[in-house]
Structures are given as structure tokens and as C-alpha cells.
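Have a look at the structure below before the remarks.
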Amino acid sequence: MRLKKYFFDYKPFRIRFVFLLFVAVLFSACGTSSKKKNIFHYNESSGVASLDPAFAKSQSVMWTAHQLFNTLVEIDDDMKIVPSLATHWDISADNLTFIFHLRNDVYFHDNPAFSGGKGRKMTAHDVEYSLGRIIDPATASSGAWIFNNRVDSIEPFKALDDSTFQLKLLRPFHPILGVLSMQYCSIVPHEAVEKYGKDFRRNPCGTGPFQYVAWEEGQALIMKKNPNYFEKDSAGNRLPYLDGIKITFVENKATEFLEFEQQRLDFINDIEASFKDEILTKGGELRKGWQGKIILQKHPYLTIEYLGILQDTSKNVVKNSPLKDVRIRQAINYGFDREKMMLYIRNSMGTAANSGFVPLGFPSFDSAKVKGYHYDPSKALELLKEAGYPNGQGLPPIPLLTIAIYSDLASYIASDLRQIGIRINVEVVQKSLLLEQTAKSEALFFRGSWIGDYPDAENFLSVFYGKNPAPPNYTRYNNPAYDKLYDKALAEKDDSLRYIYYQQADQLMIKDAPVVPLWYDQVVRLVQPYVKNFHANSLNLLELRRVRLED
């Protein structure tokens, strides 16, 4: 207990001493290769802001939360909702009440917050507490929005008994199960939250396959195998197979890659633009020098990269802009070559977005049903002429806001558009400023991206729902016909019909062109050959329960 006391006494030297001691004890083994220790190593160059799932708004926090906590339901490799803490659920005829039946063999990690330091059994009361905590203003969770105008305002969450939990909705909302799979909805014990208060961010306690050991911010985060984890494999072996996880926080991507080369990291996520040409061909495959040495994983990612165009005509920046004319917005969409952009700028990492806003990977995706824009400079010139700007004559320069890492893409688009008379002035700004201006509807033309939170196209179509603020409706698009289709889709139980409504809404919005779709992204990972059962998924969630490290 003395060791634990010193670790949570926030004095830098004591923290570092105890952290190093923990690491030495947990990971003492000969050699430097992670596979010899059965410890999975990866780097998080952006750092980890919190270990509290109520603040799981970034990928780095989502990844750690997924190791430490569980949710009622989760997403499988086929992007289907499957049981996790809940074994099954019932839905009322009016689609407003969901009854979840819980497992009775799930225990929280051992923690000083519990009597005797022994983790207790998880119950439906913990589910009620955890979901209620998300919408409690005192928590100030970044995930509070997931239940806004969706759950019952009086009694949204209720434990009917220890093993039965009830959720009530305001109105039918089919994607609610997907929402419940988000890391925000991880189940936590009230004892730990109450004991640590705001410091729960670095004293997490969940039911997940791994449990917290130590965290030296800016240095490393250590987790070890949960010996009491409830899941087993088909042979009856308890998961996970790994003994632990070590996350480092090296900011420099070149250094990260060097660590990977030397097998000090088991994988790296994405490939830094500065050395992607060294590793990948323009076709997106490993160059000969790397073949057989590392494994390249590519998988559709529920993400779209796009340019947004503000539609709120009450704003002066829109009133005085040619972009308020749909023909100019369509001309921009036709005026550059997405296929060449992907080949020469992205090394074919991703797919040109020639359909709608809903990306590849969704069951409702159908490029034959939702037709987007392709490179057609003649069509673009025709639209410019119709709008009163033949060959771009008289068309004022249009500023495009982007951040530094996407400046080459913005310049490529601007170069293509210049050939047909559309002048784009690329303005590189800080990410924080871009986020602020888009949230306040001050940015007229801006680079953006949308990453799926759960595997339902609604998550992407909500970006254009007229009743939604910014975020997520950064363009302030407002079309009653679109909203009607969106509402019909949410109330529809039949998947086939709902997909039709999704496609119709997507097509309608694309025709109005409040965005310029660029590409549907890919999960791109470089993996060591000895890492087994490590699979990418469409949400790019880090799944380590069944991973093995083999000699």
C-alpha cells in the first residue's frame, strides 16, 4: 500500500521513481524485443489526454479505453452490433424502450477504491451510473452530445434489478445500439470515480481485458493482463493472450519509425507523409526493399476527407461570396482530378470520393445509387458560364482554409481549378483556429474530415441535418426535404428501407454541394511479422484481446 500511496502523491520525482520501479518489476526479461516479453508495444505520438472514458473524444483515448473498459455492446469485425457486457436485449414495439440483460460473471479490476482492494461484481446499477454520468453537467463529458435529444428527459437510464438495465428514448432512434458501443459508454464503478474525483483520469478502473499499472505522462503508459477477465476463446482459454501493453509517447514520427525498424514497436498506425514514398509505391504497395520484413495492413476506414462550404446566407462571408451559387460549388467538384490526387499525393492510400458523403465500408454504401462528382473540366466550364463567369472571368479569388499537413492536397486542388479559371487562395492556419472558425460558422471554405463513431450511416448524415448546430453541421446546410428523409430513416426498423432513405438523403445533399468530397480513407498499418491475430477494422479501433506475439 505504501508503494501505491507514493505513486499517487503527485510529486514529480516520486512519480518517476515509482513508475520506473513498476516497469522494472512488470517487464523484467532479457532481450529488447517485445515478443520475448509478451508485451505489446506501440507509440502514441499525440499523447493520451485522459484515461477516463467520459473524455474519449480522440483516437488515442479511445484506444486505451477499449483495453481498460467494456460497453454493453460492441462492434465485431463485420461492423455488426454484438453482445459484450449485455448477453441480449429486447426492444419494445414502439422502438422507444430497450431492455438489456447483463452477464453475471464480470468483475471490476482490483482497486483501493473497493473494500479490501478487491474488485466487485459489475451490475446494472453501474450501467445506470455510468451512462448518467455522461450527461451529468458536473462531469462535463465531451461525449454528452451522444444522448442529446435522443434519450428520455425524465428517466433515460434505469437498473430494473442487478442484471437488467432499461434505456428509454424520446423518439425512435435506430442507431442507439451503435451509440452504446462507443467508448464514452464504458462502464465504470462509482467508488473509483468518487475516490479519485478529477484524478480518475489517471486512476482508471474498469472491467476490460487489461488493467492500469502506471502512467508517466510524456514518457510511457503501462497496462497488464486482467487475470479475471470474463471472455474466453473457443477452446476455453481466458483472454487476453498478452501479458501487458506498453505505450510510449515519442512525438517525432521519424524516431517512431526507427523504433519500429528495430522491433521496439510492434506496429505503427498510418505512414508519415515525409517517408511514405520510401515505403510505398504510388500504387500503395510495399516497395521491394520492405517486402518480407514488415506487413502492410490496409482496410476501409469509416472516414471521409472533404472541403466544406458554409451555407448560412445570414453570414456576410456567404452573402458576398460566389460560393452561395450551387453552380459554382458544383463546378469546383467537377474541376479537379481526384484519381490523380490519390495516386500522386496519397500513394493510393484511400479511395477517391466519387459517390456521396457516406464512405465505403457501410452496408448502405452504393455508388450506383448515390452518384457524386468525377473529373469533368468541360462540365465545370459549362457551369461557370451559366453562373455568369465564362472561363472564370470576373470570379473573385476564393480563400481555402487548411492546416499544414494538408497544404499539399489543397495546393494540388487549387492548381487543377486554376486551369478552368477558378482561383483558390490556400491559407494555412493552426488547427485550433480552424476548429474555432468552423464551429462559429466563420469559415467560408475549409478542409475537414469526419470519422465514424459507430457503424451506421446516420452518423455521417447527421452532419447535414438542419436542426443540428455546428458541430456537427459545420456547413449549416438546411434543406427540409433532406431533414424529412433523415427523420424517416431514423424511425425505420427495416434495414433495406432505411438504407434507401440514407441513399436518397445523401444524393440530395451531394447535388446541393455544400461539400467537396475528396477521398474515403483507409486504415494503414505497418506490423511486425511476429504479431498474430492483429486485424484492422473499419473504425480503426485497437483490438488486442486475441493478439499473440510469436517467435
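Just so it is clear, none of the values below were taken in a lab; they were calculated from the coordinates. These numbers come from a predicted model, not from an experiment. Virtual Cβ from ideal backbone geometry, glycine too; neighbours counted across all protein chains shown.
Straight-distance candidates among the aspartates and glutamates for linking to residue 158, with alpha-carbon spacing under 18 Å and chain neighbours fewer than 8 residues away dropped: 90, 126, 128, 136.
Work from the charge dipole of the range 300-523 (Cβ charges, +1 for Lys and Arg, -1 for Asp and Glu, about the Cα centre) and give the residue of 322, 481, 523 farthest towards its positive end. Comparing the listed Cα positions along the dipole, 322 ranks first. Net length available on complete extension from residue 139 to residue 296 is 52.5 nm, with 0.36 nm assigned per residue and the Cα-Cα distance removed.
For the pair residue 261 and residue 160, a Förster radius of 56 Å applied to the C-beta separation gives a FRET efficiency near 0.55, rounded to the nearest 0.05. Highest mean packing comes first when the peptides 451-457, 297-303 are listed by Cβ atoms within 10 Å, giving 451-457, 297-303. The magnitude of the dipole of the chain, with charges of +1 and -1 set on the Cβ of Lys/Arg and Asp/Glu and taken from the Cα centre, is near 940 debye.
On the basis of the beta-carbon distance and an R0 of 22 Å, residue 425 and residue 320 show a calculated FRET efficiency of 0.90. Counting Lys and Arg as +1 and Asp and Glu as -1 over every other residue whose Cβ lies under 15 Å from the Cβ of residue 155, the net charge comes to 0. Annotation note: trypsin sites (Lys or Arg not before Pro) in the range 434-479 located in DSSP loop regions with a Cβ neighbour count of at most 15 within 10 Å are 440, 467. Considering only beta bridges that DSSP places wholly inside the range 300-523, some 70 percent are antiparallel. Per-residue extension of 0.36 nm, minus the Cα-Cα distance of residue 235 and residue 376, leaves a gain of 45.1 nm for this segment.
Taking a point 7 Å out from the Cα of residue 254 in the direction of its Cβ, the residues of the range 263-301 whose backbone N falls within less than 11 Å of it are 274-275.
Listed by chain and number, the aspartates and glutamates whose C-alpha is less than 20 Å from the C-alpha of residue 369, apart from same-chain residues fewer than 8 away, are 456, 458, 483, 487, 492, 494, 495, 506, 512.
Averaging Cα coordinates gives a centre for the range 307-350 and one for the range 527-551; these two points are 37 Å apart.
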